[in-house]
Amino acid sequence: MENKLKIVYKDIDSLIEPTYNPRKITAKQREDIKKSLQTFGFVQPLVVNIHPDRMNMVVGGNQRLKIAKAMGYTEAPCIEVTLDEQGEKELNLRLNKNQAEFDFEMLNEFFDKKFLFEVGFTDKEIGKIQSEFEEKFKAITNDNAEMPIVQQFNEKYSTIMIFCDNEMDLNWLRNVLKLQKMKDYKNSKIGEAHVLTVQRFQEIWEEATNVN
(Lines give C-alpha, C1' and ligand atoms only; values in the text may rest on other atoms or scores of the structure.)
Protein backbone atom coordinates (compact mmCIF):
# COMPACT_ATOMS: atom_id res chain seq x y z
CA MET A 1 0.00 0.00 0.00
CA GLU A 2 1.32 3.43 -0.90
CA ASN A 3 2.28 5.61 2.05
CA LYS A 4 0.98 9.16 1.86
CA LEU A 5 3.46 11.65 3.24
CA LYS A 6 2.17 14.14 5.76
CA ILE A 7 4.09 17.18 6.92
CA VAL A 8 3.82 18.02 10.61
CA TYR A 9 5.42 20.92 12.44
CA LYS A 10 7.47 20.09 15.52
CA ASP A 11 9.06 22.13 18.27
CA ILE A 12 12.64 22.49 17.11
CA ASP A 13 13.99 21.96 20.64
CA SER A 14 12.27 18.58 20.86
CA LEU A 15 14.21 17.18 17.89
CA ILE A 16 17.27 15.04 18.61
CA GLU A 17 20.43 14.83 16.52
CA PRO A 18 21.86 11.29 16.32
CA THR A 19 25.44 10.85 17.54
CA TYR A 20 26.27 8.54 14.62
CA ASN A 21 25.37 10.98 11.83
CA PRO A 22 28.33 10.76 9.39
CA ARG A 23 27.38 13.77 7.30
CA LYS A 24 29.84 16.68 7.43
CA ILE A 25 29.71 20.02 5.65
CA THR A 26 32.18 22.82 5.06
CA ALA A 27 31.84 26.37 6.33
CA LYS A 28 30.85 27.44 2.82
CA GLN A 29 28.15 24.77 2.57
CA ARG A 30 26.86 25.88 5.96
CA GLU A 31 26.65 29.45 4.71
CA ASP A 32 24.86 28.29 1.55
CA ILE A 33 22.22 26.46 3.61
CA LYS A 34 21.79 29.57 5.75
CA LYS A 35 21.25 31.72 2.65
CA SER A 36 18.70 29.22 1.34
CA LEU A 37 16.77 29.31 4.61
CA GLN A 38 16.88 33.10 4.65
CA THR A 39 15.64 33.34 1.06
CA PHE A 40 13.11 30.51 0.81
CA GLY A 41 12.50 29.37 4.37
CA PHE A 42 12.05 25.70 5.35
CA VAL A 43 10.90 24.33 1.97
CA GLN A 44 12.47 20.89 2.53
CA PRO A 45 11.09 19.03 5.57
CA LEU A 46 13.24 17.15 8.04
CA VAL A 47 12.82 13.39 8.31
CA VAL A 48 12.06 12.43 11.92
CA ASN A 49 11.71 8.99 13.52
CA ILE A 50 8.71 8.47 15.81
CA HIS A 51 9.47 4.89 16.82
CA PRO A 52 8.86 4.63 20.61
CA ASP A 53 12.53 3.79 21.18
CA ARG A 54 13.80 6.49 18.80
CA MET A 55 11.23 9.24 19.34
CA ASN A 56 12.03 12.54 17.56
CA MET A 57 15.41 11.37 16.29
CA VAL A 58 16.29 13.31 13.14
CA VAL A 59 17.07 10.89 10.30
CA GLY A 60 17.52 13.43 7.52
CA GLY A 61 18.26 17.16 7.66
CA ASN A 62 20.52 17.43 10.70
CA GLN A 63 22.65 20.18 9.17
CA ARG A 64 19.58 22.26 8.34
CA LEU A 65 18.33 21.66 11.88
CA LYS A 66 21.54 23.00 13.44
CA ILE A 67 21.54 26.09 11.24
CA ALA A 68 17.82 26.73 11.77
CA LYS A 69 18.34 26.58 15.55
CA ALA A 70 21.16 29.12 15.30
CA MET A 71 18.93 31.36 13.19
CA GLY A 72 16.21 31.35 15.84
CA TYR A 73 13.66 28.99 14.30
CA THR A 74 11.24 27.62 16.90
CA GLU A 75 9.62 24.91 14.77
CA ALA A 76 10.40 22.91 11.66
CA PRO A 77 8.34 21.01 9.07
CA CYS A 78 8.88 17.26 9.41
CA ILE A 79 8.00 14.01 7.71
CA GLU A 80 7.57 11.20 10.22
CA VAL A 81 8.84 7.65 9.82
CA THR A 82 8.64 4.70 12.20
CA LEU A 83 11.87 2.70 12.13
CA ASP A 84 13.96 0.68 14.56
CA GLU A 85 17.53 1.84 15.09
CA GLN A 86 18.94 -0.30 12.28
CA GLY A 87 16.35 0.95 9.79
CA GLU A 88 16.93 4.50 10.97
CA LYS A 89 20.68 4.24 10.35
CA GLU A 90 20.13 2.75 6.91
CA LEU A 91 17.76 5.51 5.88
CA ASN A 92 20.18 8.12 7.23
CA LEU A 93 22.96 6.76 5.02
CA ARG A 94 20.72 6.43 1.98
CA LEU A 95 19.42 9.98 2.30
CA ASN A 96 23.00 11.25 2.44
CA LYS A 97 24.48 8.95 -0.19
CA ASN A 98 21.79 8.59 -2.84
CA GLN A 99 22.32 12.03 -4.30
CA ALA A 100 21.87 12.52 -8.04
CA GLU A 101 24.72 14.05 -10.00
CA PHE A 102 24.38 17.23 -12.02
CA ASP A 103 24.31 17.23 -15.79
CA PHE A 104 27.17 19.67 -16.35
CA GLU A 105 26.21 20.31 -19.97
CA MET A 106 22.74 21.48 -18.95
CA LEU A 107 24.14 23.59 -16.10
CA ASN A 108 26.45 25.32 -18.55
CA GLU A 109 23.64 25.83 -21.07
CA PHE A 110 20.78 27.00 -18.86
CA PHE A 111 22.45 28.71 -15.89
CA ASP A 112 24.65 31.77 -15.76
CA LYS A 113 28.08 31.26 -14.20
CA LYS A 114 27.56 34.11 -11.71
CA PHE A 115 24.23 32.60 -10.63
CA LEU A 116 25.86 29.19 -10.05
CA PHE A 117 28.39 30.83 -7.75
CA GLU A 118 25.59 32.58 -5.87
CA VAL A 119 23.74 29.33 -5.13
CA GLY A 120 26.88 27.64 -3.81
CA PHE A 121 28.89 26.08 -6.63
CA THR A 122 32.66 26.28 -6.09
CA ASP A 123 35.40 27.36 -8.49
CA LYS A 124 36.37 23.70 -8.84
CA GLU A 125 32.81 22.65 -9.71
CA ILE A 126 32.37 25.52 -12.17
CA GLY A 127 35.67 24.54 -13.78
CA LYS A 128 34.46 20.96 -14.11
CA ILE A 129 31.18 22.14 -15.64
CA GLN A 130 33.01 24.23 -18.21
CA SER A 131 35.70 21.66 -19.01
CA GLU A 132 33.18 18.86 -19.55
CA PHE A 133 31.02 21.11 -21.71
CA GLU A 134 34.03 22.24 -23.76
CA GLU A 135 35.13 18.65 -24.24
CA LYS A 136 31.72 17.65 -25.60
CA PHE A 137 31.49 20.85 -27.64
CA LYS A 138 34.83 20.28 -29.37
CA ALA A 139 33.96 16.64 -30.05
CA ILE A 140 31.03 17.63 -32.26
CA THR A 141 31.73 17.21 -35.97
CA ASN A 142 29.67 16.95 -39.14
CA ASP A 143 29.76 13.19 -38.70
CA ASN A 144 28.15 13.07 -35.25
CA ALA A 145 26.13 16.31 -35.05
CA GLU A 146 22.34 16.12 -34.85
CA MET A 147 22.36 18.17 -38.03
CA PRO A 148 25.23 19.27 -40.30
CA ILE A 149 27.22 22.19 -38.94
CA VAL A 150 27.48 23.61 -42.48
CA GLN A 151 26.71 22.26 -45.90
CA GLN A 152 29.60 20.35 -47.43
CA PHE A 153 30.75 22.71 -50.19
CA ASN A 154 34.18 22.86 -51.76
CA GLU A 155 33.89 26.60 -52.33
CA LYS A 156 32.71 29.43 -50.15
CA TYR A 157 28.99 29.78 -49.66
CA SER A 158 26.49 32.48 -48.76
CA THR A 159 23.48 32.30 -46.47
CA ILE A 160 20.12 34.02 -46.22
CA MET A 161 18.48 34.14 -42.80
CA ILE A 162 14.79 34.64 -42.13
CA PHE A 163 14.04 35.63 -38.54
CA CYS A 164 10.84 34.47 -36.87
CA ASP A 165 10.03 36.38 -33.70
CA ASN A 166 6.77 34.56 -32.97
CA GLU A 167 5.44 31.01 -33.10
CA MET A 168 2.75 31.76 -35.70
CA ASP A 169 5.24 32.98 -38.30
CA LEU A 170 7.57 30.08 -37.56
CA ASN A 171 4.79 27.53 -38.05
CA TRP A 172 3.77 29.19 -41.33
CA LEU A 173 7.35 29.06 -42.59
CA ARG A 174 7.70 25.42 -41.56
CA ASN A 175 4.60 24.51 -43.55
CA VAL A 176 5.48 26.58 -46.62
CA LEU A 177 9.08 25.36 -46.81
CA LYS A 178 8.21 21.85 -45.63
CA LEU A 179 10.96 21.95 -43.06
CA GLN A 180 11.68 19.11 -40.74
CA LYS A 181 12.05 20.32 -37.18
CA MET A 182 15.69 20.06 -36.13
CA LYS A 183 16.86 21.29 -32.75
CA ASP A 184 20.03 23.33 -32.80
CA TYR A 185 22.82 20.86 -32.14
CA LYS A 186 24.83 22.97 -29.68
CA ASN A 187 22.55 25.26 -27.74
CA SER A 188 18.77 24.81 -27.54
CA LYS A 189 18.36 28.33 -26.12
CA ILE A 190 19.27 29.80 -29.49
CA GLY A 191 16.28 28.24 -31.20
CA GLU A 192 15.93 25.80 -34.06
CA ALA A 193 18.32 25.42 -36.95
CA HIS A 194 17.25 24.41 -40.47
CA VAL A 195 19.32 23.72 -43.57
CA LEU A 196 17.69 24.11 -46.97
CA THR A 197 19.54 24.14 -50.30
CA VAL A 198 18.64 26.60 -53.03
CA GLN A 199 17.66 23.70 -55.27
CA ARG A 200 15.18 22.40 -52.68
CA PHE A 201 13.78 25.88 -52.12
CA GLN A 202 13.33 26.30 -55.86
CA GLU A 203 11.38 23.03 -56.08
CA ILE A 204 9.11 24.05 -53.20
CA TRP A 205 8.60 27.54 -54.63
CA GLU A 206 7.74 26.26 -58.09
CA GLU A 207 5.30 23.76 -56.63
CA ALA A 208 3.64 26.41 -54.47
CA THR A 209 3.34 28.99 -57.28
CA ASN A 210 2.66 26.47 -60.09
CA VAL A 211 5.60 27.76 -62.08
CA ASN A 212 6.32 25.57 -65.11
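The values are calculated or read from the model by the stated rules, or taken from the named source; none is laboratory data. Every value quoted in this text rests on a predicted model; they were computed, and no experiment measured them. Cβ: placed from backbone, ideal geometry, glycine included. Neighbour counts: every protein chain shown. Calculation scope for accessible area: heavy atoms of the full protein, side chains included, ligands and nucleic acids excluded. Shrake-Rupley method; radii C 1.70, N 1.55, O 1.52, S 1.80 Å.
What the table below lists for this structure:
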quantity: Packing rank of 74-86, 11-23, where each peptide gets the mean count of other beta carbons within 10 Å, highest leading; calculated: 74-86, 11-23
quantity: Ranked order, Lys34, Lys24, Lys66 - accessible area, probe 1.4 Å, largest first; calculated: Lys24, Lys66, Lys34
quantity: FRET E, pair Asn171, Arg200, Förster distance 22 Å, beta-carbon r, rounded to 0.05; calculated: 0.70
quantity: Shape metrics for the stretch 13-100, restricted to C-alpha atoms - Rg then Dmax, Å; calculated: 12.8, 36
quantity: Arg200, Arg94, Arg174, ranked by accessible area, largest first (probe 1.4 Å); calculated: Arg94, Arg200, Arg174
